[in-house]
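Notes follow the structure.
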Amino acid sequence: MATNLADGLGPLAKKLFIKTYGCQMNVYDSARMAEVLAPLGYAPGEGPEDADVVILNTCHIREKASDKVYSELGRLRLIKDQRAEDGQQTVIAVAGCVAQAEGEEMLRRAPYVDIVLGPQTYHRLPEMVARAHRASQSGERGGGVLETEFPIESKFDHLPLQRQESGVSAFLSIQEGCDKFCTFCVVPYTRGAEFSRPVMQIVAEAEALVAGGVRELTLLGQNVNAYHGLNAEGREIGLGSLARRLAEINGLARIRYTTSHPRDVDDDLIAAHGDLPELMPYLHLPVQSGSDRILEAMNRGHDAESYLRTIDRLRAARPDLAFSCDFIVGFPGESDADFEATLDLIRTVEYAQAYSFKYSSRPGTPAAGMPRQVPEDVKDARLARLQALLMEQMTAFNEASLGTTCDVLFERPGRHSGQLVGRSPYNQAVHVDAPGHAVGDMATVFIETCKSHSLGGRLLEGDRPESGARDEKRLSA
Ligand code: 5AD
Ligand code: SF4
């Protein structure tokens, strides 16, 4: 996905092109990188062909991420050479988790790359770009800039406050890094130790976004509910309390957060789901596997039973809560019985949405060296069965929306005049004929049609349920 941010600089502005891979954290980071470069005169361009600075913001979590980056870099090299013949300079930067993991190796394998920077160093990007320019103007060879240290100071103290550019719904990064060390995962190595931004910094950013028209915030973190930021009194607070504080902001209608870990769902967060209508009743709570043996080998720090208990407690606090999840099939040593346990867990929970992956061995992680790696064809067969079951549940969830009413937050114009497209509390796209309404409005909608990727409904004015509330039909579905 390419990130493009409007900026309003004149025709003399230098052009920036950022290509973003992977998670929402990277989307957020790309926006921040564009913002630190804006004061230097960089405005977003259409593509790499006319860009003075090209940034690949990479993701390392699954599959052959670095191979993909190197082949993209091969294409960029041709563009850079072509532009050089026309007397134009191109700075190529690789950011994100592949950059963090590859480091110096990347500058060796692709010497035309000017900057390799890890996720914790984005605030130093202007200085790096200036250094790269100087190096290439002086014809210096091997002048590549490498910044992959985990600095003592936080990048959040140096990045500008997020400007409002994303319309109705915006991401806000509140926490980064992970100390959980699941044995399959590279995040603790590429994103570093857990870090929580101070409450007041988050509140200031949220208020600025809301003042600019944002009505829905998605709080981001690799382990977002491990959040433990300092408040104005210097006391640590958790995600539940942070959500309560943010819910006080006038004009902020919806709060979401992702991605959470079952181990960090504490009593206060559960209570917040019961207390705050702003906290959307839709929670991404990955379990990865339903087998205790595999959960143990994954170092998840919980078993299937405790995960199910957490789901029950959340549902007790907020009965209309729906869940989404991540699953990995074919983790080393996963037997047929282990896999069946995952299917059983799925049948018990009934998910609204899910993401499932074949285990892919990540160099340097403990699971990569484990015995009894599962053959590809077994992984394929398990993934197909798992996805078929999840697809049934996702379809059933969407179909259960028929005949219900819900609040829809309008995000963009629809296909024909008078139509708007918004989101239900469950993040479903909803198409509505709403000529009297504008993007940014919230309206009560009766759901009449259900397609595979969206719902359709009609306005029900007057009778407004609270944000996120569903009627009896859904509650008993
Ligand atoms: N193989 C397969 N899936 C993985 N994930 C993370 N690491 C791996 C891996 N090595 C999945 C997990 C995680 C999601 C973001 O990506 O399900 O929750
Ligand atoms: Fe990776 Fe596990 Fe941390 Fe999630 S909790 S980022 S899967 S190590």
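Since every read-out is calculated from the coordinates, none of them should be taken as a lab result. Remember, predicted model here, so these are calculated numbers, not experimental data. All Cβ positions, glycine included, derive from the backbone under ideal geometry; neighbour counts span all protein chains shown.
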query: Applying 1/(1 + (r/R0)^6) with R0 = 35 Å to the Cβ-Cβ distance of Arg309 and Leu40, what FRET efficiency is obtained, to the nearest 0.05?
result: 0.10
query: Taking the Cα-to-Cβ direction at Ser361 and at Gln419 and moving 7 Å from each Cα, how far apart do the two end points lie in nm?
result: 4.9
field: Relative contact order (%) - criterion: Cα under 8 Å, at least six apart; region: region 294-362
entry: 38
- prompt: Between Gln82 and Glu105, what is the spin-label point distance in nm, taking each point 7 Å from the Cα along the Cα→C-beta axis?
  reply: 3.1
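On a full-extension model of 0.36 nm per residue, what is the gain between Glu392 and Ala208, subtracting their alpha-carbon distance, rounded to one decimal in nm?
Fully extending the segment from Glu392 to Ala208 adds 62.1 nm.
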task: Evaluate the Kirkwood expression for the hydrodynamic radius of region 227-349, namely the inverse of the mean inverse distance over all pairs of different C-alpha atoms, and round to one decimal in Å.
output: 15.7
statement: Ranked from fewest to most other Cβ atoms within 10 Å of their own Cβ, Leu386, Leu459 fall in the order Leu459, Leu386
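Val439 to His133: FRET efficiency via 1/(1 + (r/R0)^6), r the Cβ-Cβ distance, R0 60 Å, to the nearest 0.05?
That pair, Val439 with His133, gives E of 0.90.
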task: Sort 65-76, 41-52, 20-31 for me by packing, meaning the mean count of neighbouring Cβ atoms within 10 Å per residue, highest on top.
output: 20-31, 41-52, 65-76
task: Mind jotting down the distance between the C-alpha centroids of region 245-322 and region 334-360, whole Å?
output: 18
Region 202-253: GluC sites (Glu not before Pro) in DSSP loop, at most 16 other beta carbons within 10 Å: Glu233, Glu248
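Calculate the dipole size of the chain relative to its Cα centre from +1 charges on Lys and Arg beta carbons and -1 charges on Asp and Glu beta carbons; express the result in debye to the nearest 20.
660
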task: Provide the gained length on full extension for the span Glu233 to Arg263, in nm with one decimal, where the gain is 0.36 nm per separating residue minus the Cα-Cα distance.
output: 8.1 nm
- prompt: Which value in nm describes the separation of the simple spin-label points at Arg293 and Ala429, placed 7 Å from the Cα toward the beta carbon?
  reply: 4.3
- prompt: For region 247-294, which trypsin sites (Lys or Arg not before Pro) are both in a DSSP coil and crowded by at most 16 other Cβ atoms within 10 Å?
  reply: none
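Within the chain, what percent of beta bridges assigned by DSSP are antiparallel, to the nearest 5? Before the final figure, lay out each step's value.
Numbers: 25 of 71 bridges.
Antiparallel bridges make up about 35 percent of those DSSP assigns within the chain.
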Three-way shape label, region 305-364, alpha-carbon gyration tensor, a/c 1.5: prolate
- prompt: For the charge dipole of the chain, defined by +1 on Lys and Arg C-beta atoms and -1 on Asp and Glu C-beta atoms about the Cα centroid, which residue among Ala272, Phe397, Val168 has the Cα displaced farthest towards the positive pole?
  reply: Val168
field: Whole-number percent relative contact order across the chain, with pairs defined as alpha carbons under 8 Å at least 6 apart
entry: 9
Förster-model FRET efficiency, 60 Å R0, Arg75 and Ala316, C-beta, rounded to 0.05: 0.70
query: Just the C-alpha atoms of the chain: what Rg/Rh do they give, with Rh taken as the Kirkwood radius?
result: 0.97
query: Listing Ile237, Ile255 from the residue with the fewest other Cβ atoms within 10 Å to the one with the most, what is the order?
result: Ile237, Ile255
